[in-house]
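Have a look at the structure below, then the notes.
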Amino acid sequence: MTIPTSFDVVHSCGHTLTHDLTSRSADQRAGYVRWLSSRQCTDCWRTAHQADAASTAEWLANRRAEEQNAATAWADQFDMPPLEGPEKILAWGERTRHQLVTAAYTALVTEGTWDEADWAAFEEQVRLVTRAGWWVDQRDAQGSDLPELLDAAHDRDRPTENPFR
Ligand SMILES: [Zn+2]
C-alpha cells in the first residue's frame with residue numbers, strides 16, 4: 001500500500017481543498033493534513049485578515065479624528081494659538097499639545113499643589129511655544145514634566161514671542 005500524495009482536506013471554515021503533499025515525506029503527511037484541517041482555507045484566512053486590517057485602520061482613523069476634534073475645541077476654548085511648522089505635522093502637534101497640557105493640569109493642579117494662578121501663568125508659557133515639531137518631540141513626556149520641558153524650549157520654538165526681534 002502506498003501513502004497518497006494528494007489529500008482532500010476539510011478546513012475549519014468548512015471548505016474542502018485538495019492539497020498536493022508530494023513535497024512532504026510519507027510519514028509527515030497525515031500530521032500535516034491534521035494541521036491543515038484545523039486552519040481556515042487560504043481564501044478565508046486572507047479575507048478575515050484583510051477585514052481585520054481594514055477595521056483596525058478605520059478604528060485608528062476614527063480615533064485620530066476624535067482626538068483632533070477634541071484638540072481643536074480645546075485650543076478654541078483656552079485661546080491656544082495655531083501651531084507653526086510643516087503642514088503634515090501640524091495636526092499631530094496640536095493633538096500632542098492638547099494631550100500633554102491636559103495631563104499636566106491633572107498632575108499639577110487636580111492631583112498636585114498648583115492653584116489656578118500658577119496654572120494661568122503656566123498657560124501663558126504654553127501659548128508661546130508654537131512650533132509643532134517641539135510638541136511632537138515631547139509626545140512621550142509625562143504631564144508633570146511639561147513645566148521643565150517648556151523652560152528648556154529654545155527661542156526658535158517660540159517664534160512669536162518677540163515680534164521686534
Ligand atoms: Zn474557506
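Of note:
- A cysteine counts as unpartnered when no other cysteine's C-beta lies under 4.7 Å of its own; in the chain this applies to Cys41.
- Förster radius 41 Å - calculated FRET efficiency between Ala57 and Thr113 (Cβ-Cβ, nearest 0.05): 0.45
- Among Arg64, Arg46, Arg24: highest mean-square fluctuation, GNM of the chain, C-alpha pairs under 10 Å: Arg24
- Rounded FRET efficiency, nearest 0.05, which uses the C-beta distance separating Gln142 from Ile89 and R0 of 25 Å: 0.70
- Most mobile of Asp145, Asp155, Asp27 in a GNM of the chain (Cα contacts under 10 Å): Asp27
- For Ala51, neighbours were defined as the other residues whose beta-carbon sits under 15 Å from its Cβ, and their charges (Lys and Arg +1, Asp and Glu -1) total -2.
- When the P(r) of region 5-97 is calculated, the portion above 14 Å amounts to 75% of the C-alpha pairs.
- What the pair-distance distribution of region 18-58 shows, using all Cα-Cα distances binned every 10 Å from zero, is 25, 35, 23, 14, 2 percent.
- Each label point was placed 7 Å from the Cα along the Cα-to-Cβ direction; for Thr42 and His15 their separation is 1.0 nm.
- Of Thr102, Thr72, Thr47, the one that fluctuates the most in a GNM where the chain has Cα springs shorter than 10 Å: Thr47
- Applying the Kirkwood pairwise sum to the alpha-carbon positions of the chain produces a hydrodynamic radius of 20.5 angstrom.
- Relative to the longest principal axis of the Cα atoms of the chain, helix 42-77 runs at roughly 10 degrees.
- Using the Karplus relation 6.51 cos²θ - 1.76 cosθ + 1.60 with θ = phi - 60°, the per-residue 3J(HN,Hα) values for region 87-99 come to 3, 6, 10, 4, 5, 4, x, 5, 5, 5, 4, 4, 5 Hz, with x marking Gly and Pro.
- Of the three principal axes defined by the Cα atoms of region 60-157, the extents in descending order read 37, 30, 24 Å.
- Near Leu36, once Lys and Arg are set to +1 and Asp and Glu to -1 for all other residues with Cβ below 15 Å from its Cβ, the sum equals +1.
Bear in mind that the values in this text are calculations on the coordinates, not laboratory data. Since this is a predicted model, take the numbers as computed values, not measurements. So basically every Cβ, Gly included, is an ideal-geometry build from the backbone, and we count neighbours across all protein chains shown.
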